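Below are the C-alpha cells for one structure; questions will follow.
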Amino acid sequence: PKIEGLIAVRGLFKRNGTAYVVMEYVEGVKLTDIIMGYIKNNRPFPEDLVRRFIGSIGQALAVIHKAGLLHRDIKPDNILVRKSDGQPVLIDFGAAKHSNMRNEIQAFTPSFAAIEQVPRRLRDSKDHFKEGPWTDLFALSMVAYVMMTGQKPIPAEIRDRAVTKGEPDPYVSVTKRGGDRYSPELCAVIDAGCALNPVRRPVAAKDYLGQLGIDLRPISKIVAAKRESGQPMTAKSKSN
C-alpha cells in the first residue's frame, strides 16, 4: 500500500553502466523554505504541526526499516510538503543502503548526521557504533530540533570532539531552548533522539512515535476529519 509520507517508485532501469530510479513527481515546497519562513517572521512551529511532521516521516521510516533499509540523509531539504494537502513526503534515497551492508559510501550531511555516520578521520572518538534505525531517528530528531528552536544543529563530530576531551556535550536541549512553548513529553523525546551516543536513543520508529502517542493516520485524513468537525486547522502553540 502507498505510504503518504514516502515518495513512490515508478520504475527503474539501467543505462550508461549504472542504475536509475524513476520516482513520482511531487509538487511541493521544501521543509527548509517553510522553516525559514517561520524564523523570518519570528514565529514558533505549533506543536501539533511538529507532531504531524514527526508522525508522517516516522511512519515512512517504520516502513523503510521494516524492509531492512536505512535512509541516512534525512534533513529539511529532503522533505517536501505537498501543495495539494500539506502532506510531508520523504525524498532522495541517494545515500540509502541495506542495514546489513558495510558503510562503503560515506555520504552525510554534517548538521543532521549521527556520529556513527561520520568518518573516523573527522572525529576523535574511537568507539565503533553500528548504523541502524536509530541513525535515521537521530536525523529526524534534528529536523524537529530545527523546527522547534529555529537553531542550526551542532554537527555530531564537533560534539564528539568535546566529549572525548572531557568537556560537556555542547548540545543545548530543546527543553532549555523552547521548553516553554512545547509539552515536556515532546521535548523529552526529541532530546532523547538527539543523543550523541546511539545506545541512548530510541531503537525503532514504533517506540519513538509510541512515546508521543502520535496519530499515524495520513495527514490528508486528519485534515479532512478536522474540516468535517469544524476544528481549526492549526492549533496554537503551547505556552505558560
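The values are calculated or read from the model by the stated rules, or taken from the named source; none is laboratory data. All values derive from a computational prediction rather than experimental measurement. Counting neighbours? That spans all protein chains shown, and the Cβs are built from the backbone with ideal geometry, glycine included.
Looking at segment 88-100, which of the residues that are exposed (fewer than 13 other Cβ atoms within 10 Å of the Cβ) and not polar (S, T, N, Q) is modelled with the highest pLDDT?
His98
Still on this model: On the given criteria, is Ile222 among the aliphatic types (A, V, I, L, M) and either assigned to a loop (DSSP other than H, G, I, E, B) or at pLDDT below 85 (or both)?
Answer is yes for this residue.
Here is a further query. Please count how many residues of segment 33-68 are of a type in the set (Asp, Glu) and in contact with a Leu (Cβ under 9 Å, 6 or more places away or on another chain).
Final tally of qualifying residues: 1.
Would you be able to say whether some residue in segment 108-116 is in a loop (DSSP other than H, G, I, E, B), modelled with pLDDT under 90 and within 22 Å of Ala60 (Cβ to Cβ)?
yes
Go through (1) closer than 25 Å to Ala60 by Cβ; (2) modelled with pLDDT of 95 or more; (3) not polar (S, T, N, Q) one by one and return the number of the condition Glu185 breaks.
The single condition Glu185 does not satisfy is (2).
Report yes if Gly58 is crowded, with 20+ Cβ neighbours inside 10 Å, of a type outside the set (A, V, I, L, M, F, W, C) and in contact with a Phe, Trp or Tyr (Cβ under 7 Å, 6 or more places away or on another chain), otherwise no.
yes
Restricting the search to segment 182-194, which residues are outside any helix (DSSP H, G or I) and buried (at least 20 other Cβ atoms within 10 Å of the Cβ)?
Across segment 182-194, the qualifying residues are Tyr182, Cys194.
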